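Where a number appears in this text, it was derived from the coordinates with a stated rule and is not lab data. Model, not experiment: these values are computed from the prediction. Counting neighbours? That spans all protein chains shown, and the Cβs are built from the backbone with ideal geometry, glycine included.
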There are 2 protein chains.
Amino acid sequence: MKAKVKVTLKTGVLDPQGKAIEHTLSALGFGGVSGVRQGKYIELELAEADEADAHAAVKAMCEKLLANTVIENYDIELEPL
Amino acid sequence: MKAKVKVTLKTGVLDPQGKAIEHTLSALGFGGVSGVRQGKYIELELAEADEADAHAAVKAMCEKLLANTVIENYDIELEPL
């Protein structure tokens, strides 16, 4: 299976990178942009072919390594290779 | 509109962050993981309500700021606020 994981900051957690992007977009002349948040996007390939097992494995990877669950949420999408 | 932008390294571009994640996952006991690639995920809100105009604006933002188009691809998703 191929897994696509989005790791985003939880609501309320300060996001200085997002703020920097927002200010720079405004300075470049892009108006009407707000609420910019930057997160991580991770793609990986799993030998596991069963969707439920693959989801459980990727969830464990997120909890242990990919996301800091104190301040970040994660979202897992799976698709066949 | 709300825009969700994924910025990923082009195929063939070395990804040391992805390699580091892959090695660490293996060291943590997650086997059968390969092809790990890390990219960026950016969410933003646009005052623009028309989908075609919003897409054009976000595309321009990607070309000018959000992605380095020499080595990165970007993917734009739009949804109503």
Q: Rounded to whole Hz and in sequence order, give me ³J(HN,Hα) for the stretch B:53-70 from the Karplus expression 6.51 cos²θ - 1.76 cosθ + 1.60, θ = phi - 60°, writing x for Gly and Pro.
A: 5, 4, 4, 5, 5, 5, 4, 5, 4, 4, 5, 8, 9, 6, 10, 9, 5, 5
Q: Pick out which of B:L14, B:L44, B:L28 has the largest mean-square fluctuation in a Gaussian network model of chain B, springs linking Cα atoms closer than 10 Å.
A: B:L28
Q: Kindly give the distances from A:A20 to its copy-mates, label point to label point, with each label point 7 Å from Cα along Cα→Cβ, as nm values to one decimal ordered shortest first.
A: 1.6
Q.
Can you tell me which lysines have their Cα less than 27 Å from the Cα of A:K59? Leave out same-chain residues fewer than eight positions away.
A. A:K2, A:K4, A:K6, A:K10, A:K40, B:K2, B:K4, B:K6, B:K10, B:K19, B:K40
Q.
Using a Cα-Cα cut-off of under 12 Å, which aspartates and glutamates could be cross-linked to A:K64, ignoring same-chain neighbours fewer than 8 residues away?
A. none
Q. Gaussian network model of chain A, Cα springs within a sub-10 Å range: biggest mean-square fluctuation belongs to which of A:T69, A:T24, A:T11?
A. A:T24
Q) From the backbone phi of the stretch B:17-24, what are the Karplus-calculated ³J(HN,Hα) couplings (6.51 cos²θ - 1.76 cosθ + 1.60, θ = phi - 60°) in whole Hz, Gly and Pro given as x? A) 5, x, 5, 4, 4, 4, 5, 5
Q: For A:G35, place a label point 7 Å out from Cα along the Cα→Cβ vector, do the same in each other copy, and report the separations in nm, one decimal, smallest first.
A: 3.3
(Q) Treating the point 7 Å from Cα along Cα-beta-carbon as the label, what are the nm separations from B:N73 to the other copies, to one decimal? (A) 2.7
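With viscosity set to 1.567 mPa s at 4 °C, what whole-number translational diffusion coefficient in µm²/s follows for chain A from Stokes-Einstein and a Kirkwood radius over Cα pairs?
Estimated diffusion coefficient is 91 µm²/s.
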Q) Along the stretch A:74-81, what does the Karplus equation 6.51 cos²θ - 1.76 cosθ + 1.60 (θ = phi - 60°) give for ³J(HN,Hα), rounded to whole Hz, x for Gly and Pro? A) 9, 9, 10, 10, 10, 8, x, 5
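Report the net charge of residues surrounding B:G32, where surrounding means a beta-carbon distance below 13 angstrom and charges are Lys +1, Arg +1, Asp -1, Glu -1. Mind showing how you got there, number by number?
Numbers: positive: A:K2; negative: A:E45, A:E48, A:D50, A:D53, B:E22.
Computed value for this residue: -4.
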Q.
How many angstrom lie between the Cα centre of the stretch B:17-62 and the Cα centre of the stretch A:21-77?
A. 7
**Q.** Nearest residue to the symmetry axis between B and A, taken on chain B by its Cβ, in whole Å
**A.** B:Y41, 2
Q.
Using only the alpha-carbon atoms, what does the protein assembly as shown span along each of its principal axes? Please give whole angstrom values in decreasing order.
A. 48, 35, 25
Q: Please list the non-local residues whose amide H lies under 5 Å from the amide H of B:G39, H modeled 1.01 Å from N, same-chain partners needing a gap of 5 or more.
A: A:Y41, A:I42, A:E43
